[in-house]
Amino acid sequence: MTPVIAWAAAAGLGLGFGLVVVLRSLPMMNRPSFEERVAPMLRSSAAGGVDLFHQPQSLVSLSVAQRIFGPVLREALKQLDRFSIDADQLRRRLDQADAGITLSEYRIQQLGCAAAGALLAAGANAAAFFSGSFHGFIALISILVLTVLGFALRDNMLSARVRRRQARMLSEFPTVAEMIALAVSAGESAPGAFERVSRVSRGELNAELRKVLAQTRAGTSFTHALKHMSARVQSPPISRFLEGIIVAMERGTPLADVMHAQAQDVRDLGKRELMETAGRKELSMLVPVVFGILPLTVVFAVFPGLELLSLGP
């Protein structure tokens, strides 16, 4: 592709994008939705009225950027939700990662990563154009590939954060379970044991205990708060521990005995995981022995004999 054709293609794309922006800005294309028309009537009458819609509408913190790019971002998010995974599933993943961001903010971050990938590809193609090695088809493919990779990068980062957080919670879980069992054995109730342990512990599991206590203070029953914690954590050992507490509270089983049995199960689980980790590490430790120490030992044993043979008559 000659430079003239490349510039013509770029100009055509720019013209097409400008026409789309102009068409989208026409009054007939920007009619307020039913939700936007009734939203002012559904706000709370208290000071600083609270919006009763479930999904937050705050997209960016800078007011100028919000005025300029807010409508474009909202439209892009609406189109993105049509081709993405279930919003409820994504909210559960954000809760598992304790990301502290809303669904709209996560979508914006995904779009930002995709735009960064496209800009990176555009910069590489611009350098190739000035160096004389530009090819239009390769440029288009590289922009599409890096855009998709940038979009998928944010999802992979979220998945990695979920895995790291679950690993940290599992490492903290045996100690926390034992502390809760000891507090119950000392005469504390289950909510009191959770509150006492949340004051003296630190870490990811402590944050979940604080969420349970916050829901309880807000009026949610303790058993429902434990069920919400189990749904957020999505970890089988922790879910079994919480389900044991719920069943004991609902059926009137002595809570201290159940707690001690659950703590013993957690300790046994920790021992099994330690043995499995030791087995995997044992195999990995054979790699430097077989490919490093053993060949070096053979060289030390054979090399003197070869030298003596080479020095012989």
Query raised in the report: FRET efficiency for Arg164 and Val247, Cβ-Cβ distance as r, R0 = 30 Å, nearest 0.05?
Result: 0.45
Query - Label-to-label distance, nm, for residues given as Ala39 and Phe291 (7 Å Cα→Cβ offset) - result: 5.7
Query raised in the report: What relative contact order, as a whole-number percentage, does the stretch 167-270 give when Cα pairs under 8 Å and 6 or more residues apart are counted?
Result: 32
Report task. Could you line up Val266, Val21 from fewest to most neighbouring Cβ atoms inside 10 Å? Result -> Val21, Val266
Query raised in the report: Taking neighbour counts of Cβ atoms within 10 Å as a proxy for exposure, in what order, fewest first, do Thr147, Thr253 appear?
Result: Thr253, Thr147
Report summary line: Taking a crude spin-label model, label points 7 Å out from Cα along the C-beta direction, the Val299 to Ala186 distance in nm is 6.0
Requested in this report: Would you please give the FRET efficiency between Ile138 and Ala8, computed as 1/(1 + (r/R0)^6) with r the Cβ-Cβ distance and R0 = 22 Å, to the nearest 0.05?
Outcome: 0.80
**Report entry** Where Rh is the Kirkwood radius over Cα pairs, Rg/Rh for the stretch 181-223
**Finding:** 0.97
Requested in this report: Per residue of the stretch 260-271, in order, report the coupling 6.51 cos²θ - 1.76 cosθ + 1.60 (Karplus, θ = phi - 60°) as ³J(HN,Hα) in whole Hz, putting x for Gly and Pro.
Outcome: 5, 5, 5, 5, 5, 4, 5, 5, 5, 4, x, 5
Query - Only Lys, Arg (+1) and Asp, Glu (-1) charged, at Cβ; the stretch 167-270 dipole about Cα centre in debye - result: 380
Report task. Decide, for the stretch 167-270, between rounded, prolate and oblate: order the square roots of the alpha carbon gyration tensor eigenvalues as a ≥ b ≥ c, take rounded if a/c falls under 1.5, and otherwise choose prolate if a/b is larger than b/c, else oblate. Result -> rounded
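The numbers here are math on the coordinates, done by the rules we state, and not lab data. Just so we're clear, the structure is a prediction, and the values are computed from it rather than from any experiment. Positions of Cβ are generated from backbone atoms using ideal geometry, with glycine treated the same way; all protein chains shown enter the neighbour counts.
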